[in-house]
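Visitor: Dropping the structure in here first, questions after.
The values are calculated or read from the model by the stated rules, or taken from the named source; none is laboratory data. Everything quoted here is computed from the prediction, not taken from an experiment. Cβ placement follows ideal geometry from the backbone for every residue including glycine, while neighbour counts extend to all protein chains displayed.
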Ligand code: ATP
Ligand code: LTN
């Protein structure tokens, strides 16, 4: 507990600029949590290093994610927004917790298996120990709840296992976190292949709608979205392309799929795609405007980063010192 509130922790990898899946599926839902929880949101830039990156591109995407947090409406006075790499306690605890995690556990992680298959020429140790660093992100802040997508649930279960193992040996050092599955955030699929999720790292730019895309680009991408050859707007597993567009429309308007079916009854795909494109583009306008302001105000953003890094470091170091003491590392002489 911090300030009598439960602690909430989440992060996004700095692997590219954010898209509407990140926004509607995660970020937009985070905005309403800051009254109930003491919230920490990191930009996971260390995690992004598991894949070879251009240094300038990594720096840009880390800054993009951080500013996007604020532009989406996370108040940086209430939410601690920071770069993971700026709080060295993450990397320090990760070494210690690596020694409490079994290779067998890490080998079983489906993300490791998927990413190893995708990057067969670079199966580095970081890819394997990725979930340990993620566990440390969470455990350092004694987080109670962690909002994550379904793909990260296995990592959260591992986090609990490692924390319980450590607590079993040394006493109650870590809070055992729970996955927080809030109001169902839509899982948004690729516009080019509605069986695949929309992803930052997708090479096909037309399959992904970025939060910073301008109105014309958003509309053009939706016009080109892959659908079936039928013409009825029905929410059905048999029509994954249309189902995805209905989900996106619902996420942008707050409507239910049944209402959307009624609204577009008797209308064609062309009209529907245009409506989705316009609605999404309009929903993104305030975020884009706020982002543009932040881009101009470097001093303001830098000030936020400095303050929040200090706040994060304070809580992280408290846990790290406790762990170091428990395992028997020498006390640091100040
Ligand atoms: P990458 O391509 O690098 O895997 P990503 O676009 O899948 O990136 P993450 O950094 O893994 O994004 O996820 C950040 C957050 O956004 C997570 O909470 C995740 O659940 C959510 N998210 C990512 N993609 C989608 C999507 N297509 N639909 C809904 N939520 C999503
Ligand atoms: N692995 C997560 C990003 C992430 C995270 C975290 C999420 C890094 N550290 C801590 C929650 C808590 C992802 O790929 N979405």
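Visitor: Can you work out which of the residues in region 73-86 that are in a loop (DSSP other than H, G, I, E, B) and in contact with a strand residue (DSSP E or B) (Cβ under 8 Å, 6 or more places away or on another chain) is farthest from residue 290 (Cα to Cα)?
Guide: This residue is 78.
Visitor: Within the group 120, 163, which residue is within 14 Å of ligand 2 (Cβ to nearest atom) and either in a loop (DSSP other than H, G, I, E, B) or more than 18 Å from residue 14 (Cα to Cα) (or both)?
Guide: 163
Visitor: If you don't mind, another one. Select, from 8, 18, the only residue that is crowded, with 17+ Cβ neighbours inside 10 Å, closer than 16 Å to residue 315 by Cα and within 16 Å of ligand 2 (Cβ to nearest atom).
Guide: Exactly one residue qualifies, and that residue is 8.
Okay, residues lined up against (1) over 25 Å from residue 202 (Cα atoms); (2) at pLDDT below 95; (3) away from ligand 1 (no atom under 16 Å from the Cβ); (4) within 18 Å of the chain's Cα centre (by Cα):
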residue: 127; (1), (2), (3), (4): no, no, no, yes
residue: 134; (1), (2), (3), (4): no, no, no, yes
residue: 151; (1), (2), (3), (4): no, yes, no, yes
residue: 167; (1), (2), (3), (4): yes, no, yes, no
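Visitor: Failed condition for residue 322, given (1) within 27 Å of the chain's Cα centre (by Cα); (2) within 28 Å of residue 91 (Cβ to Cβ), with all others met?
Guide: With respect to (1) within 27 Å of the chain's Cα centre (by Cα); (2) within 28 Å of residue 91 (Cβ to Cβ), residue 322 is out only on (1).
Visitor: Follow-up. Looking at (1) in a loop (DSSP other than H, G, I, E, B); (2) under 19 Å from residue 12 (Cβ atoms); (3) within 14 Å of ligand 2 (Cβ to nearest atom), which is the only condition residue 134 fails?
Guide: For residue 134, the exception is condition (1).
Visitor: Does residue 13 satisfy the condition of being under 18 Å from residue 311 (Cβ atoms), in contact with a strand residue (DSSP E or B) (Cβ under 9 Å, 6 or more places away or on another chain) and in contact (Cβ under 8 Å) with a residue 12 or more places away in the chain?
Guide: When the stated conditions are applied, residue 13 does not pass them.
Visitor: Kindly list the number of the only condition in (1) at pLDDT 90 or above; (2) part of a loop (DSSP other than H, G, I, E, B); (3) under 17 Å from residue 23 (Cα atoms) that fails for residue 174.
Guide: The number of the failed condition is (3).
Visitor: Of the residues that make up region 59-72, is at least one away from ligand 1 (no atom under 12 Å from the Cβ), surrounded by fewer than 18 Cβ atoms within 10 Å (Cβ to Cβ) and part of a helix (DSSP H, G or I)?
Guide: Yes, some residue in region 59-72 is away from ligand 1 (no atom under 12 Å from the Cβ), surrounded by fewer than 18 Cβ atoms within 10 Å (Cβ to Cβ) and part of a helix (DSSP H, G or I).
Visitor: Would you say residue 25 is surrounded by fewer than 22 Cβ atoms within 10 Å (Cβ to Cβ), modelled with pLDDT under 95 and within 12 Å of ligand 2 (Cβ to nearest atom)?
Guide: The answer is yes for residue 25.
Visitor: Could you list all residues from region 28-56 that are over 21 Å from residue 131 (Cα atoms) and either assigned to a loop (DSSP other than H, G, I, E, B) or at pLDDT 95 or above (or both)?
Guide: 34, 35, 36, 37, 38, 54, 55, 56
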